[in-house]
1. With charges set only on the Cβ (+1 for Lys and Arg, -1 for Asp and Glu), what does the dipole of the chain come to about its Cα centre, in debye to the nearest 20?
2. Tell me which residues come under 5 Å, amide H to amide H, from A202 once H is placed; ignore anything under 5 positions away on its chain.
3. Using 1/(1 + (r/R0)^6) with R0 = 30 angstrom and r between the beta carbons of T16 and S36, what's the FRET efficiency to the nearest 0.05?
4. Quick one: what are the phi-derived ³J(HN,Hα) couplings along segment 123-139, Karplus 6.51/-1.76/1.60 with θ = phi - 60°, whole Hz, x for glycine and proline?
5. Quick check: from the Cα gyration tensor, does segment 398-500 come out rounded (a/c under 1.5), prolate or oblate?
6. What FRET efficiency comes out for E103 versus L392 if R0 is 51 angstrom and r is the Cβ-Cβ distance? Round to the nearest 0.05.
7. Short version: what are the Cα gyration tensor semi-axes of segment 211-263, square root of 5 times each eigenvalue, largest first, in whole Å?
8. In percent, what relative contact order does the chain have, based on Cα pairs under 8 Å that are 6 or more apart in sequence?
Amino acid sequence: MSDQNPAQTTHVPKGTRLSEQLLEQYLEENLFSPSSYPEERVGVEFEFFVSRQSEDNTLRGILKDPRMWSKGLLLSFAREKEWQILSENIGSEYLITGYKRTEGDLITFEPGKQIEISTRCYDDFHHLTAAVKGAMSDIREGLKNDECDLLPIGTYPFINQDREGSTPIERLLLPKARYTHMAMYYDRLGVWGEQLMKCTAATQVCLDVGHSHTEVCQRYVLGELLAPYTFAIFAFSPFFEGRLNGLACNRAVIVKHHDPKAAGIHHHFMSHLMKTKGSFDIQDVIQIYKKFLLASRVLVTRDYPQVLKPFEGEPFGHWLTEGVDGIFPTVHDLELQLHLTFPEVRAKGFFELRSPDAQSEAWLYAPVLFYMGLLLCPAVRQQAISLLMPYLSDVADHWDKASLGLRDPKIRAISQKIMELAILGLTSAEGKLSESIKQSHELKTLSAYARHFTFKGRTPADDFIDFWAKNNLGQEPRISIPKTLWQQLDDYWYHQQLSQ
C-alpha cells in the first residue's frame, strides 16, 4: 500500500552489521509487532494489463512504442491533474515509473507495462472502493489519448510481448532499477522469472497484522495455509505465452517455479507446523520467517565493490555468517532483501496477501472480501486454521493442482468449505471496517461469486474458456482478441451479480 510502511522501532543505524539476533529483533519489532492503530485497516494493489484498441475493434498488447517509452503512459493526463510524477534516472534521461494522485494513492507501472493501483490504508470500506473507482476512472480517461484501456486477467493473453534484445534487461518494457536487478537474477534461474515479471497480473490484499501476538500468529499462519486454495478459487490466468493451455491458473505454476527459495511453497513454514503438530507462537513465526530470509538468494549487492558481484545468487544467510572478503550485510541490506523477496504472505508491518489472480471489475473485490472474512473474525479464523491443518502434508500436491482451478475433487471440496467460512466471517466480524462492509453494496459480491463459481466447482477461467470456444477463436496464439469477447463476459458476470 502507498502509505502503510512498518514502524521503524529498531533504532540502529542502517549501516550496522547484521547478526542473527539483530535480524530477529528487526522482524519482531518491525514486521510482526501488533498494530497500534485502533481500527482494522485494509488496502489493495490491483494489477492490470494495458491493451491497445485497433480500428477493427480488437484488443492488442502494448509493445515498445517509443512515444510511450520516453514520455510514459498517462503523462499529459497526470500533468492536467497535477499528480506527482514518479521517476528514476536512466543515464541522462528520466524514466517515468508512475504517479501519486492528489488523494494519495499510487498508479505505477510494472515490468511488462502492467498498471498497478496501490491504495492507502483505510478503516472504512466505502473510502477504499471510492479511491479505487476514482483511480480506475482517471486511468481509463487518460488512456483514451493513447487509444488504450485496462485489461483485467491474470496472465498476458496475447502472443509474447516484444522480445527484442539479447539480455533480459533489454527485453523489459519498464527498465527501472529494481526490475533490472530482478531480471538479471531471474535470468540465471530459467524462463519463469521473465514470465512472472512481464506476463502476470495479481490482486494483492493488504491487512493489518492484528492487535495481539495471537492475532499476528493466526493471520500469518492462515494466510500461508490458504495460498494454494486461493490460487484455485480465483483462477483467472488461462494463458501461457499467449495460448490457452488447458490450465485455469498458470500464475500458480509461474509463481511456484520462478524462484523456489523466495516464493511459492513455504517449506520452512510447512515443516515446522508438521513437527509441532500445528502449534505455534510469535517466536515460532519469527523463526520461520528468519529461516526463509536466510535461505533466500541475494539479488543485488549494489552498494558494494565489484568483489561482491559473484556472490549475487547465493543465500543471504551465507553472506550473513561467512561474509565476502570481510564484507557482511547490514540493516540496509536486510531491508533491500525484504524488498526483493515475494512469499505469498509478505510481512511488511502489515500482511500483503499475494495469491489471487487479477479479476474482472465485476468481481474486483471478491478476493479482498474473501481474505477479510477469513482473517478479521476471530472465530472464523480459528475454524479455517483447524480446517486446513490436516492437509499440511498435501500442500505440495495441492499447489500443483491449484493450476487446475477447482476441477480436482479434493481441492474443490476444501475450497468450498473455505468459501463458506469467508462469507460467514464477513457477516460476523465486528469493528468499524467490518460494519462499513456490511453497509456496502459490495457485500453481496463474494456471495454472488461463490454461487456462480466456487459452489459449482468453477472459476472465472472456466467461463473465459467457454466464451473463447463460443467465439470460435481456436487454439493458436493470437496477437489480438475481439473486444466483444470481454464485453460479453462482463455483461454476463454483471448479470450474475444482479441476479443473486
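1. 740
2. For A202, whose amide H was placed from the backbone, the distant partners under 5 Å are E47, A358.
3. Numbers: r = 25 Å, r/R0 = 0.82.
For R0 = 30 Å, the calculated efficiency reads 0.75.
4. 9, 9, 5, 4, 5, 4, 5, 5, 5, 5, 4, x, 5, 5, 4, 4, 4
5. Cα axes put segment 398-500 in the oblate bin.
6. E(calc), rounded to 0.05, equals 0.75.
7. Ellipsoid semi-axes (Å, largest first): 29, 13, 6.
8. On the way: 902 pairs, mean separation 106.8, N = 500.
Once normalised by length, the contact order is 21 percent.
The values are calculated or read from the model by the stated rules, or taken from the named source; none is laboratory data. Nothing here was measured: the structure is a model prediction, and the numbers come from that model. Neighbour counts run over all protein chains shown; Cβ positions are idealised from the backbone, glycine included. To get the accessible areas, we keep the full protein, side chains included, count just its heavy atoms, and leave off ligands, DNA and RNA. Shrake-Rupley method; radii C 1.70, N 1.55, O 1.52, S 1.80 Å.
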